[in-house]
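I have placed the structure first, in the form of structure tokens, so that the comments after it can refer back to it.
The values are calculated or read from the model by the stated rules, or taken from the named source; none is laboratory data. Note that the structure is a prediction, hence the values are computed from the model and not measured. Quick reminder, even Gly has a Cβ in these numbers, built from the backbone with ideal geometry, and neighbours come from all protein chains shown.
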Amino acid sequence: MSLMYKSTRSEQKVTASYAILKGLADDGGLFVPEVIPALDVPMSELAGMGYKDVAYEVMKLFLADFTETELKSCIDHAYDEKFDTKEIAPLVKAGNAWYLELFHGATIAFKDMALSILPHLMTTAAKKNNVHNEIVILTATSGDTGKAAMAGFADVPGTRIVVFYPKDGVSPVQEKQMVTQKGENTFVVGIQGNFDDAQSGVKKMFGDKALAKELADHGYQFSSANSINIGRLVPQVAYYVYAYAMMLKKGAVKEGNPINIVVPTGNFGNILAAFYAKQMGVPIGKLICASNRNKVLFDFFTTGTYDRNRDFYVTSSPSMDILISSNLERLIYRIAGEDSIKTLEMMTELSKTGKYQITDAMKEGLADFYAGYADEAQTAEEIKAVFEESGYVMDTHTAVASGVYRKYTEETKDTTPTVIASTASPFKFARSVMTAIDPKYGALSEFELVDELVKTAKVSEPAAVTEIRTAPVRHNNQCDVCDMEKTVKAWLGI
Ligand SMILES: *Cc1c(COP(=O)(O)O)cnc(C)c1O
């Protein structure tokens with residue numbers, strides 16, 4: 001029996017390739033695997049493998065309708081020289097934690113781990129499902145997804161990609177990376193609103209049946225590169241399996257003993273992948289969910305009430321500035337006993353009132369998680385503290401996780417070996433990082449900061465940064481939230 005996917009909001013069931021093509025289910029729900037498959041290779045064997053082989057062993061179990069040749073070809077095209085290290089996701093010890101560096105891809109954020117393979121999965125899925133429409137990837141970004149998705153989809157035949165980002169909510173490097181994007185099939189738009197506005201606008205277009213019909217009449221169909229797409233989530237599970245295998249190889253853990261995982265969280269995609277890795281049989285103790293000042297998830301885990309009715313803050317970790325964590329729906333579905341009616345009720349409640357509450361029985365399903373948050377001052381202090389302790393320089397998002405982990409160990413005295421997901425290169429947030437280390441850097445320009453960071457961190461400048469020093473701006477589009485649909489249609493010539 002081949003693994004199927006079902007919607008969190010109805011009984012709709014589809015194959016993996018169809019779920020990747022569609023992105024979102026017709027009922028607005030997210031696709032989830034009917035069961036989480038168990039790893040069928042012992043960890044000791046995985047510890048002897050390279051990244052691509054581990055990725056294959058994990059992904060073959062989830063993407064059951066892809067042939068071995070198809071999946072291996074996707075993996076080979078994704079994890080190649082676009083990454084600046086053979087290890088793809090190196091594990092680096094600093095202080096008393098292990099940092100899983102997920103930022104060695106083309107756009108120096110962890111989104112590359114999934115978005116360098118998604119275009120290959122999607123074009124393969126289109127062939128398998130006899131789709132002849134041009135696929136229009138519609139993306140909302142809090143800064144990193146947009147660039148990583150465009151880098152993946154640029155000039156891929158049969159696809160186009162539109163990216164909406166909050167005009168005033170991303171770092172200068174993030175914005176420059178996006179507006180200099182090459183590729184005739186790419187389109188970038190800054191919106192007058194925040195990430196949640198962008199994401200809601202995109203979700204609305206996905207759910208609009210009349211619009212879908214209009215697109216189809218012109219030979220187009222939408223899909224998603226956001227982490228609501230199962231094609232984003234599955235490749236992310238792979239690096240948590242790889243992380244455990246590497247911990248084993250390095251002698252940092254004994255086979256079968258648990259590790260903890262700390263994830264700086266926004267849309268809940270990355271930590272959900274870690275949760276899936278645990279379900280597959282990877283010995284993982286606590287899943288530590290770290291939020292910034294927008295601590296809607298911390299409040300949810302501690303009270304059982306999800307409430308987005310609150311102020312939204314722009315922080316130094318902008319990729320986590322999110323009040324509606326889309327992937328949480330997949331966890332809700334699971335702790336509700338895979339009950340799509342209950343899930344639908346709560347999600348309807350969320351869209352009507354901005355909040356919902358889980359039952360006590362559901363709360364018990366959250367036992368694997370610990371939640372914490374770090375405010376702006378704590379985030380900056382953490383960057384400085386770890387640099388002074390060990391010479392390791394981390395970005396602001398990783399620092400949120402690292403700061404939460406520090407609080408967690410102080411509070412619980414837990415000494416389980418711990419892996420912190422390091423989600424972005426410090427070069428992407430050079431100003432926040434350097435001024436955290438020493439406020440004197442505040443007077444420098446963006447690229448002077450990069451030069452100082454090279455000296456401070458003793459690492460070379462990533463190619464992604466060198467590129468934008470001189471790249472011409474190719475996109476200069478802005479729109480109001482209410483005009484997102486009109487903007488997309490105009491670009492498609494509809
Ligand atoms: C997207 C992103 C996050 C948040 O990841 P989610 O999967 O949305 O929870 C954290 N850090 C960085 C650098 C990111 O780009």
Item to check | Residues satisfying the stated conditions in segment 104-151, i.e. within 11 Å of the ligand (Cβ to nearest atom) and among the polar types (S, T, N, Q) | outcome: Thr107, Thr141, Ser142, Thr145
Checklist entry - Pairs, please: C-beta under 7 Å, at least 6 apart or cross-chain, first residue under 19 Å from Ser326 (Cα atoms) and in segment 349-368, second small (Gly, Ala, Ser)? => result Gln357/Gly304; Ile358/Gly304; Met362/Ala336; Lys363/Gly304
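Restricting attention to segment 263-286, report how many residues are part of a helix (DSSP H, G or I) and small (Gly, Ala, Ser).
Here is the first cut: in segment 263-286, the residues part of a helix (DSSP H, G or I) are 269-279.
Next, from what is left, pick out any that are small (Gly, Ala, Ser): 269, 273-274, 277.
Here the count works out to 4.
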Next on the checklist: I want to confirm something. Restricting to segment 357-405 and keeping residues that are aromatic (Phe, Trp, Tyr) and more than 19 Å from Thr415 (Cα to Cα), which single residue is surrounded by the most Cβ atoms within 10 Å (Cβ to Cβ)?
Outcome noted: Tyr373
Next on the checklist: Would you confirm whether or not segment 246-262 contains a residue that is within 16 Å of the ligand (Cβ to nearest atom), aliphatic (A, V, I, L, M), assigned to a helix (DSSP H, G or I) and at pLDDT 95 or above?
Outcome noted: no
Checklist entry - Pairs, please: C-beta under 9 Å, at least 6 apart or cross-chain, first residue part of a helix (DSSP H, G or I) and in segment 436-465, second among the aliphatic types (A, V, I, L, M) and surrounded by fewer than 12 Cβ atoms within 10 Å (Cβ to Cβ)? => result none
Item to check | Near pairs, Cβ below 7 angstrom, 6+ apart or cross-chain, from segment 52-74 (part of a loop (DSSP other than H, G, I, E, B)) to any residue that is surrounded by fewer than 17 Cβ atoms within 10 Å (Cβ to Cβ) and modelled with pLDDT of 95 or more | outcome: Ala64/Leu3
Item to check | Positions within segment 413-430 being away from the ligand (no atom under 16 Å from the Cβ), in contact (Cβ under 8 Å) with a residue 40 or more places away in the chain and not charged (D, E, K, R), in sequence order | outcome: Thr416, Pro417, Thr418
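Please tell me if Lys72 is more than 21 Å from Leu21 (Cβ to Cβ), among the basic types (Lys, Arg), at pLDDT 95 or above and away from the ligand (no atom under 16 Å from the Cβ).
Details: more than 21 Å from Leu21 (Cβ to Cβ): no; among the basic types (Lys, Arg): yes; at pLDDT 95 or above: yes; away from the ligand (no atom under 16 Å from the Cβ): yes.
It is false that Lys72 is more than 21 Å from Leu21 (Cβ to Cβ), among the basic types (Lys, Arg), at pLDDT 95 or above and away from the ligand (no atom under 16 Å from the Cβ).
Only one of Leu449, Leu492 is under 20 Å from Gln174 (Cβ atoms) and modelled with pLDDT of 95 or more. Can you tell me which?
Details: Leu492 fails: under 20 Å from Gln174 (Cβ atoms).
Of the residues listed, the single one that is under 20 Å from Gln174 (Cβ atoms) and modelled with pLDDT of 95 or more is Leu449.
Has segment 294-312 got any residue that is at pLDDT below 95, within 30 Å of Arg431 (Cβ to Cβ) and either touching a Cys at 6+ places or on another chain (Cβ under 7 Å) or surrounded by fewer than 21 Cβ atoms within 10 Å (Cβ to Cβ) (or both)?
The answer is yes; a qualifying residue exists.
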Next on the checklist: I'd like to know if segment 152-168 contains one or more residues that are in a helix (DSSP H, G or I) and either more than 13 Å from the ligand (Cβ to nearest atom) or surrounded by fewer than 24 Cβ atoms within 10 Å (Cβ to Cβ) (or both).
Outcome noted: yes
Item to check | segment 61-91 - residue that is under 17 Å from Thr123 (Cα atoms) and β-branched (Val, Ile, Thr) and, of those, surrounded by the most Cβ atoms within 10 Å (Cβ to Cβ) | outcome: Ile75
Checklist entry - Quick one: is Tyr239 away from the ligand (no atom under 12 Å from the Cβ), surrounded by 23 or more Cβ atoms within 10 Å (Cβ to Cβ), aromatic (Phe, Trp, Tyr) and at pLDDT 95 or above? => result yes
Next on the checklist: Looking at Ser319, Ser351, Ser326, can you tell me which residue is of a type in the set (S, T, N, Q), modelled with pLDDT under 95, surrounded by fewer than 19 Cβ atoms within 10 Å (Cβ to Cβ) and within 19 Å of Asn267 (Cβ to Cβ)?
Outcome noted: Ser351
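Conditions (1) within 16 Å of the ligand (Cβ to nearest atom); (2) closer than 24 Å to Asp168 by Cβ, marked per residue:
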position	(1), (2)
Ser316	yes, yes
Glu329	yes, no
Ile332	yes, no
Ile341	no, no
Ile358	no, no
Val386	no, no
Val400	yes, yes
